[in-house]
Amino acid sequence: MTNFKEEKTFLMIKPDGVRKGLIGEIIRRVEQRDLKVVALQMFHPTIEQIDEHYPKDEKWIRRLGQKTFATYEKYGLDPLKDFGTNDDLKMGKMVRQWLVDFMTSAPLVKAVIQGVHAVDMVRKIVGPTIPANAEMGTIRGDFSVDSPAQANKEKRAVSNLVHASETPEEAKHEIELWFGNEPVHEYKRFGVDE
Ligand code: UDP
Ligand code: MG
């Protein structure tokens, strides 16, 4: 039988999270939900590492463009006027490049989090991508207020404090990429494992 307590996800505190002094707060919110930190480190990534971290497939890049366009539509903005395109893929490629610039602009904190439905639970704690849409009580909703409406004008990625894997497959890829052969630690959490 699958042991749901063993599910792992990858969490990364982005440059704005580190620079706002939110490392402790973010980890606290994860631990508060009885999820277990099983690996944790501060580091400064290379451009190549970040390029490997974010998916390169067309579907994912288009989705990135679509998230921008959804905000543009909601606020009555015209992407053609701002960016000379309304093509998902072209927009997505621009955002991906800004994302690489952003993610290499300061040290980051990377972590592996373990627990029942770790992937979904951590996404729930983090909140949706665009902070302006994130509910109070989520990390993105409580500590940031960015939107593609503003970020795109400044030719930068949306600052949203944290990265968290969206699926178990994404988690597996990211844990391997960022922790490789480094051991994930095992211990028993009071009240959870005993
Ligand atoms: N992003 C952006 N503009 C957008 C959509 C996303 O700058 O319109 C950035 C944002 O920092 C986001 C990252 O790209 O966290 C990765 O996007 P994804 O759709 O995977 O969102 P996440 O999984 O981080 O919620
Ligand atoms: Mg994502």
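Residue-by-condition table, conditions (1) touching a residue at least 40 places away in the same chain (Cβ under 8 Å); (2) within 13 Å of ligand 2 (Cβ to nearest atom); (3) in contact with a strand residue (DSSP E or B) (Cβ under 7 Å, 6 or more places away or on another chain):
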| site | (1), (2), (3) |
| --- | --- |
| 124 | no, no, no |
| 127 | no, yes, no |
| 137 | no, no, no |
| 147 | yes, no, no |
| 165 | yes, yes, yes |
| 175 | yes, no, yes |
| 190 | no, no, no |
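Kindly provide the set of residues from segment 55-97 that are among the hydrophobic types (A, V, I, L, M, F, W, C) and within 25 Å of residue 167 (Cα to Cα), ordered by number. Full working, then the answer.
Of segment 55-97, the ones among the hydrophobic types (A, V, I, L, M, F, W, C) are 60-61, 64, 69-70, 77, 80, 83, 89, 91, 94-95.
Selection gives 60, 61, 64, 69, 70, 89, 91, 94, 95.
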Filter segment 1-17 for residues that are touching a strand residue (DSSP E or B) at 6+ places or on another chain (Cβ under 8 Å), assigned to a helix (DSSP H, G or I) and among the acidic types (Asp, Glu) and give the result.
6
Counting only residues that are buried (at least 19 other Cβ atoms within 10 Å of the Cβ) and of a type in the set (Gly, Ala, Ser), which one in segment 133-146 is nearest to residue 4 (Cα to Cα)?
134
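Residues checked against (1) β-branched (Val, Ile, Thr); (2) farther than 17 Å from residue 21 by Cβ:
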site: 106; (1), (2): no, no
site: 139; (1), (2): yes, no
site: 149; (1), (2): no, yes
site: 155; (1), (2): no, yes
site: 159; (1), (2): no, no
Tally of residues being under 16 Å from the mean Cα position of the chain (by Cα), free of Cβ contacts under 8 Å to residues at least 60 places away in the same chain and either in a helix (DSSP H, G or I) or buried (at least 17 other Cβ atoms within 10 Å of the Cβ) (or both) across segment 18-70
6
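Do you know which residues across segment 159-194 are part of a strand (DSSP E or B), touching a helix residue (DSSP H, G or I) at 6+ places or on another chain (Cβ under 6 Å) and farther than 21 Å from residue 4 by Cα? Lay out the reasoning, then the answer.
Of the residues in segment 159-194, the ones part of a strand (DSSP E or B) are 162-164.
Next, only the ones that are touching a helix residue (DSSP H, G or I) at 6+ places or on another chain (Cβ under 6 Å) stay: 162, 164.
Of everything in segment 159-194, just one residue is part of a strand (DSSP E or B), touching a helix residue (DSSP H, G or I) at 6+ places or on another chain (Cβ under 6 Å) and farther than 21 Å from residue 4 by Cα, namely 162.
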Could you check residue 150 against (1) part of a helix (DSSP H, G or I); (2) farther than 21 Å from residue 61 by Cα and say which number it fails?
(2)
Take residue 89 and decide whether it is part of a helix (DSSP H, G or I), more than 16 Å from the chain's Cα centre (by Cα) and among the hydrophobic types (A, V, I, L, M, F, W, C).
yes
Of all residues in segment 39-88, which are within 16 Å of ligand 2 (Cβ to nearest atom) and of a type in the set (Phe, Trp, Tyr)?
54, 60
Selection from segment 30-48 of residues that are in contact with an Asp or Glu (Cβ under 9 Å, 6 or more places away or on another chain) and over 17 Å from residue 184 (Cα atoms)
47
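Here, each number is a calculation from the coordinates, and none is a lab measurement. All of these numbers come straight from a predicted model, not from anything done at the bench. Because the Cβ atoms are built from the backbone with ideal geometry, glycine has one as well, and the counts that use them run over all protein chains shown.
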